[in-house]
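Pasting a structure below so you can have a look.
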Amino acid sequence: MPMIEVQYLTKRYRDRVAVDDLTFQVEEGQILGFLGPNGAGKSTTMKMLTGFIPPSEGVVRVGGYDVEAQPLEVKRRIGYLPEMPPLYVEMTVRGYLRFVASLKGLSGRALAAELERVANLMGVTHVMDRVIQNLSKGYKQRVGIAQALLGSPPVLILDEPTEGLDPAQRAELRALIKGLAGKHTVILSTHILPEVTMTCEKVLIIHQGKMAAYDDIHQLARLHGQAESASLEEVFIKLTAA
Ligand SMILES: Nc1ncnc2c1ncn2[C@@H]1O[C@H](COP(=O)(O)OP(=O)(O)OP(=O)(O)O)[C@@H](O)[C@H]1O
């Protein structure tokens, strides 16, 4: 059974179709790169996968649970980094992460250990007692990713996780995400194409809400590129030009 199953997923905002009949699945332990130009519908799709907004049509199942019928079962299994992380900016990093960890059911020693683990992983140990609103953009992003990783959920939905990070942290995060493969199922949206080439085996490209490509990263170049060596960038530009 695939870890994430999406069938006929559609979202309409009044007369605008933001996501148009998407069907795809992500196998357990796989990292799916999710690409599309600005406004293609990536964030809208991710919000529906996590139960943040309801679909107009279609079905999403995570770990076999239906997002609409069993939202708590789904949320329990997903770590979500939205495009705009819901940080409580007046809290300290420690206070905020502790709060999120308690929402995820952690307490006592397990909570303290988990806080330390994700803080180390994201390199925020030295800012734990600072107020979030005073942090730089990159550090806010690190805190956003840290909250998604708390409790080590089997599924991670990451909406442009490397946005705002410096090159060193971006490389670290890439390695971290790659290291999650096998144990975690990940959907990673990004505008940085080499990031996908380096991290993902499978790629979904959407354009104007519709699926433009959904393939193994090597197949993609073969099917849509001029040559087998076509870069993901060439394929992306070709598929999203219209
Ligand atoms: N709440 C909303 N009400 C009306 N239209 C919306 C709403 N949210 C998104 N849209 C529209 O839906 C479409 C898809 O937006 P979405 O944010 O999902 O794109 P995206 O692929 O994530 O873009 P980006 O790469 O710029 O973040 C856009 O045309 C957007 O204007």
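The values are calculated or read from the model by the stated rules, or taken from the named source; none is laboratory data. Being a predicted model, the structure only gives us computed values, none of them experimental. Cβ placement follows ideal geometry from the backbone for every residue including glycine, while neighbour counts extend to all protein chains displayed. Areas reflect the complete protein model, heavy atoms only, side chains present, ligands, DNA and RNA absent. Shrake-Rupley method; radii C 1.70, N 1.55, O 1.52, S 1.80 Å.
Taking Cα centroids, how far is region 4-53 from region 102-173 in Å?
Taking the Cα centre of region 102-173 as reference, the centre of region 4-53 is 24 Å away.
While we're looking at this one, here's another question. Loop-only GluC sites (Glu not before Pro) in region 167-242, please: DSSP not H, G, I, E or B, and at most 11 other Cβ atoms within 10 Å.
Sparse-neighbourhood loop GluC sites (Glu not before Pro): Glu228.
Round to the nearest 0.05 the FRET efficiency obtained for Gln70 and Ala171 when R0 = 41 Å and r is the Cβ-Cβ distance.
It comes to 0.65.
Here's something else I'd like to know. Using only Cα atoms and rounding to the nearest 10 degrees, what angle (0 to 90) does helix 137-149 make with the longest principal axis of the chain?
90
Kindly work out what percent of the DSSP beta bridges joining two residues of region 148-225 are antiparallel, to the nearest 5.
Just about 50 percent of them are antiparallel.
Express as a percent, rounded to the nearest 5, the fraction of DSSP beta bridges in the chain (both residues included) that run antiparallel.
Expressed as a percentage, antiparallel bridges in the chain total about 55.
While we're here: Averaging over all projection directions, find the projected area of the Cα convex hull of region 6-150 and quote it in nm² with one decimal place.
9.9
Under a point-charge model restricted to the Cβ atoms of Lys and Arg (+1) and Asp and Glu (-1), what is the dipole moment magnitude of the chain relative to its Cα centre, in debye to the nearest 20?
The dipole magnitude comes to about 680 debye.
Round to the nearest 10 and report in Å² the accessible area of Arg117, as given by a 1.4 Å probe over the protein chains' heavy atoms.
90
List the pair-distance distribution P(r) of the chain, using every Cα-Cα distance, as the percent of pairs falling in each 10 Å bin from 0 up to the bin containing the longest distance, rounded to whole percents.
8, 31, 36, 20, 5, 0
Taking 35 Å as R0, compute the FRET efficiency from the Cβ-Cβ separation of Met1 and Glu234 and round it to 0.05.
0.50
Report the dimensions of region 1-48 along its three principal axes from the alpha-carbon atoms, largest first, rounded to Å.
The Cα atoms of region 1-48 stretch 36, 20, 14 Å along the principal axes, largest first.
Follow-up. Along the Cα-to-Cβ line of Asn134, 7 Å from the Cα, sits a label point; which residues in region 82-119 have backbone N less than 19 Å from it?
Under 19 Å, as judged by backbone N against the label point of Asn134, lie 87-98 of region 82-119.
Right, another one. Can you find, among Leu165, Ala148, Ala212, the residue sitting farthest towards the positive end of the charge dipole of region 138-223, where Lys and Arg contribute +1 and Asp and Glu -1 at Cβ?
Ala148
Among the trypsin sites (Lys or Arg not before Pro) within region 149-227, which fall in a DSSP loop and have no more than 14 other Cβ atoms within 10 Å of their own Cβ?
Lys183
Have a look at Pro54, Phe99, Ala40 and report the one farthest towards the positive end of the charge dipole of region 1-120, computed about the Cα centre with Cβ charges (Lys/Arg +1, Asp/Glu -1).
Phe99
Just tell me which lysines come within less than 29 Å, Cα to Cα, of Lys11; anything on the same chain fewer than 8 places away is out.
Output for Lys11: Lys42, Lys47, Lys75, Lys104, Lys202, Lys210, Lys238.
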